[in-house]
Amino acid sequence: MNVTTSRSRSDRFEALCALAQEMALLEDEREVHRVVLQVARRVLDFSNCAILLIDDQANELVMVAERGYPEETRGIRLPVGAGKGISAWVAEHGERLYVPDIREDDRYVPGVEEARSELAVPIKVLDRTIGVLNVESSEVDGFDEDEMMLLQALASQLAVALELNRARAELDRLSITDPLTGVYNRRFLERLLPSEKERAERFDHPIGLLMFDLDDFKEINDRYGHPRGDDVLVAFARSLTSSVRKIDPVVRFGGDEFLVILLETDEKGTKHACRRIRDEAVGRLRADPAVDDEWDLSVSVGVAIRHPGEDLAQKIREADQAMYEQKEGAGEA
């Protein structure tokens, strides 16, 4: 055995072990991509390397990061199962593929101009392929078995890092989501207040606040039971979400109270949106299968405007108070 080669192989595997520890701490997926590509080039000597991840909805393989590839290939999408692209074949079959001479393989999609051989390995979580790690060489038969093993080891570490990253993101999403209705919860509101305050101050934007409450909701719970009441809450949240802009958060504030935050909306726009959202939401709610036809459901809503410099939390309390005043018949409809 060549001692120099053995030491080089050992050094590179040690570098991969160190990489695993580093990547486990990274919370930004783009940073994970950057570190993997850096190691691929500087430690494993792969000059042309790309990370491609599967878009399950489109059934396409998307190049999300690369080093050494021409600019026009960035973001390229390869249909999985269409017979084009060596990486797409790997994504479809979940197996490593080495092409010693790309000029003799019809599946090759031009990437690096001087490329002569290509190696692609699956990025797998358990038995599920989530992407492909791809390298190209300017030499015919440019990769040996050791390099194939190293690339597969790197792909395995990348898979673990991506799965950890996505698990963290899912836990974070769950922590700010109301488990019953699927809209945001008050923890999201606590996180939003400082950032939205800073943004509104920077751009001098007002914020509209609408506090919605289901009228006589307690009667539904008392008469039909809490499971039926939960169904109504879910339907109400769904009706509100369908009636607002995508940028406007809907927050379950407590019980049957829901806060709609109208970003970058002045007083006139907020009052107009209030009437529209209320009418649309009530219409959708009454038409929802969870709501009986004989229920004459209605909502009360309180309105407040937060201008730059004003306390956002205080304005939310004002919207809440205005909602109760309307419920008692003393506020604006």
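Coordinate-derived values only; no laboratory data. Every value quoted in this text rests on a predicted model; they were computed, and no experiment measured them. Because the Cβ atoms are built from the backbone with ideal geometry, glycine has one as well, and the counts that use them run over all protein chains shown.
Relative contact order for the chain: 13 percent, from Cα pairs under 8 Å spaced at least 6 residues apart, divided by residue count.
Fully extending the segment from H93 to K246, taken as 0.36 nm per residue of separation minus the present Cα-Cα distance, adds 51.3 nm.
For segment 2-76, trypsin sites (Lys or Arg not before Pro) meeting the loop criterion (DSSP other than H, G, I, E, B) and having at most 16 other Cβ atoms within 10 Å: R74.
Partners of K271 within straight-line reach, counting lysines whose Cα lies under 25 Å from its Cα and excluding those fewer than 8 residues away in the same chain: K197, K246, K315, K327. Here the chain is treated as a Stokes sphere of Kirkwood radius computed over C-alpha pairs; at 20 °C and 1.002 mPa s its diffusion coefficient rounds to 90 µm²/s.
When only Cα pairs below 8 angstrom with a gap of at least 6 residues are kept, segment 114-181 shows a relative contact order of 31 percent. Ranked by how many other Cβ atoms sit within 10 Å of their own Cβ, fewest first, the residues K218, K315 fall in the order K218, K315. With each label modelled as a point 7 angstrom along the Cα→C-beta vector, the Q321-D127 pair spans 6.2 nm.
Put a dot 7 Å past the Cα of R107, heading toward its Cβ, do the same for E27, and the two dots end up 3.9 nm apart. Hydrophobic, long helices, defined as DSSP H runs whose alpha-carbon span along the helix axis is 15 Å or greater and whose mean Kyte-Doolittle value is at least -1.0, occur in the chain at 3-24, 29-42, 145-175, 226-243.
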